[in-house]
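What follows is one structure encoded as structure tokens, with my remarks underneath.
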Amino acid sequence: MASVFGNALKLSIFGQSHSPAIGFTLDGVPAGIPVDTERLQAFMDRRAPGRARTSTARREADAPEFLGGLTDGHTNGAPLAAIIRNGDARSHDYDELRRIPRPGHADLPARIKYRNNHDVAGGGHFSGRLTAALCAAGGVALQALESRGIHIVAHIASLGPKPITDMPLDAMAYNPAQATLIGANKLPCISSDAAERMQACILDAAEKLDSVGGVIECAAYGMPAGIGDPMFDGIENRIAHIAFGIPAVKGVEFGTGFAAARLRGSENNDPYRMGSDGAHPVSNHAGGILGGITDGAPVVWRMAIKPTPSIAQSQRSVDLDAGIDADLSVRGRHDPCIVARAVPVAEAACALALMDALVEDEGQRAFGTSAEPYDAL
Ligand SMILES: Cc1cc2nc3c(=O)[nH]c(=O)nc-3n(C[C@H](O)[C@H](O)[C@H](O)COP(=O)(O)O)c2cc1C
């Protein structure tokens, strides 16, 4: 396993869907960052299962318990560490999957790689449940970035096989009204109409014992220009690296992304104009990144989420112990669509990638305040 991410900030995520707890350690967090645990819990609740008609019925508190790294409500420079207990696990739902792997899930490759020593219950370490730990660490990173005026917002850009689309995030400037709408609608969309239609699409798939996928768009506003380290630690590399760690993510694109391949240079280039604070692009096809380095425009990216693999419809599989073909109808509690719950996960992943780049570029004093009367000490 390599469930570790980051250069200056080292995130490690551990646990399985049905182990006593999951958790994270985050090494390299600057001291002096205030952490509002109530706001963190509200952020965790946006991802937590069992809160919406379109989510799995598994019910979890998803309350991070900090074991280290916090003193009097701020980071203290020691590794930040938290666990999140798993309460509502029903492991007997999964016994069959060691023998008969789910098409589209990690059961078969995990059995081969770990020589049948893997934990299959609830998807083990491959479960979407591990994104609760990612959100706990990322929720702290989001607060740290906000203290520097960097805001990260995500929403469902499109959903379903005949894509239902939301209006795009503002690609040029932070628009708090969009963030408010995303928080208020039934699903995290800017348009309430799109949210209604997406919800109907998910419930229809669930009724047919099927599932649907979609695309999440995420934007980071207020990133300073000049952050990122090409060739392999550019902002695109870092965001893609962490985003592909989110289970069910099958594609990542930045700015105009794949559609840029169909444009002419004259259409795709972002022209510059001189402003009071220097040169800045006047459009944002680049998604705020050129040469792997931020150009001062918002960082805009999208991730494609596949339809949930565990579906109750009968599918063709194999019985690995008997060495014969076998059919499988997946039992247990599953999300008919992962996309809504993965929206805060995209924000958390983006925050961790950007905070890592900022700390690497600017050092430990990139974040946090000094408790010393004389900062020079
Ligand atoms: C928030 C979240 C919830 C998920 N819930 C489920 C689920 O209920 N059932 C399921 O089969 N997969 C679920 N997944 C996806 C699987 O964990 C994932 O598809 C599987 O591990 C295989 O990995 P891959 O799709 O990245 O290749 C979820 C993913 C996320 C991010």
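The values are calculated or read from the model by the stated rules, or taken from the named source; none is laboratory data. Please read all numbers here as calculations on a predicted model, not as lab measurements. Here Cβ is always computed from backbone atoms with ideal geometry, including for glycine, and neighbour counts include all displayed protein chains. To get the accessible areas, we keep the full protein, side chains included, count just its heavy atoms, and leave off ligands, DNA and RNA. Shrake-Rupley method; radii C 1.70, N 1.55, O 1.52, S 1.80 Å.
Quick look at the values:
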item	result
Residues of the range 287-298 that turn out to be open to solvent by less than 20 Å² (accessible area, probe 1.4 Å) and either among the aliphatic types (A, V, I, L, M) or touching a strand residue (DSSP E or B) at 6+ places or on another chain (Cβ under 8 Å) (or both), as a count	6
Considering residues of the range 137-165 that are open to solvent by less than 20 Å² (accessible area, probe 1.4 Å) and over 19 Å from ALA340 (Cβ atoms) only, the residue nearest to the ligand (Cβ to nearest atom)	ALA137
Among the residues listed as ALA81, ALA52, ALA110, the single one being closer than 26 Å to LYS306 by Cα and buried (at least 17 other Cβ atoms within 10 Å of the Cβ)	ALA110
Test: residue in the range 120-136 that is over 15 Å from GLN16 (Cα atoms), away from the ligand (no atom under 14 Å from the Cβ), open to solvent by less than 10 Å² (accessible area, probe 1.4 Å) and at pLDDT 95 or above	no
Residues satisfying the stated conditions in the range 92-105, i.e. out of contact with any Lys or Arg (no Cβ under 9 Å at 6 or more places or on another chain) and part of a loop (DSSP other than H, G, I, E, B)	ARG99, ILE100, ARG102, HIS105
Some residue of the range 287-302 being in contact with an Asp or Glu (Cβ under 8 Å, 6 or more places away or on another chain) and within 16 Å of the ligand (Cβ to nearest atom)	yes
Qualifying residue in the range 154-161 (condition: out of contact with any Lys or Arg (no Cβ under 7 Å at 6 or more places or on another chain) and outside any strand (DSSP E or B))	yes
Matching helices (runs of 4 or more DSSP H) fully within the range 166-272 where at least 2 residues are under 22 Å from CYS135 (Cα atoms) and open to solvent by 50 Å² or more (accessible area, probe 1.4 Å)	176-184, 235-243
Residue, nearest to HIS241 (Cα to Cα), within the range 338-377, restricted to residues that are part of a loop (DSSP other than H, G, I, E, B) and open to solvent by less than 80 Å² (accessible area, probe 1.4 Å)	ILE338
Any pair with Cβ under 6 angstrom, 6 or more apart, that starts in the range 223-246 at a residue that is under 16 Å from GLY288 (Cβ atoms) and away from the ligand (no atom under 16 Å from the Cβ) and ends at one that is open to solvent by 50 Å² or more (accessible area, probe 1.4 Å) and assigned to a loop (DSSP other than H, G, I, E, B)	PRO230/GLY291
VAL345 being modelled with pLDDT of 95 or more and within 9 Å of the ligand (Cβ to nearest atom)	yes
Pairs with Cβ under 8 Å, 6+ apart, first in the range 38-50 and of a type in the set (Phe, Trp, Tyr), second away from the ligand (no atom under 16 Å from the Cβ)	PHE43/LEU142
Answer from GLY104, GLY122, GLY138 - the residue that is in contact with a Pro (Cβ under 7 Å, 6 or more places away or on another chain) and touching a residue at least 60 places away in the same chain (Cβ under 8 Å)	GLY104
Tally of residues being away from the ligand (no atom under 13 Å from the Cβ) and among the basic types (Lys, Arg) across the range 31-89	4
Checklist (1) buried (at least 20 other Cβ atoms within 10 Å of the Cβ); (2) in a helix (DSSP H, G or I) applied to TRP301, failing item	(2)
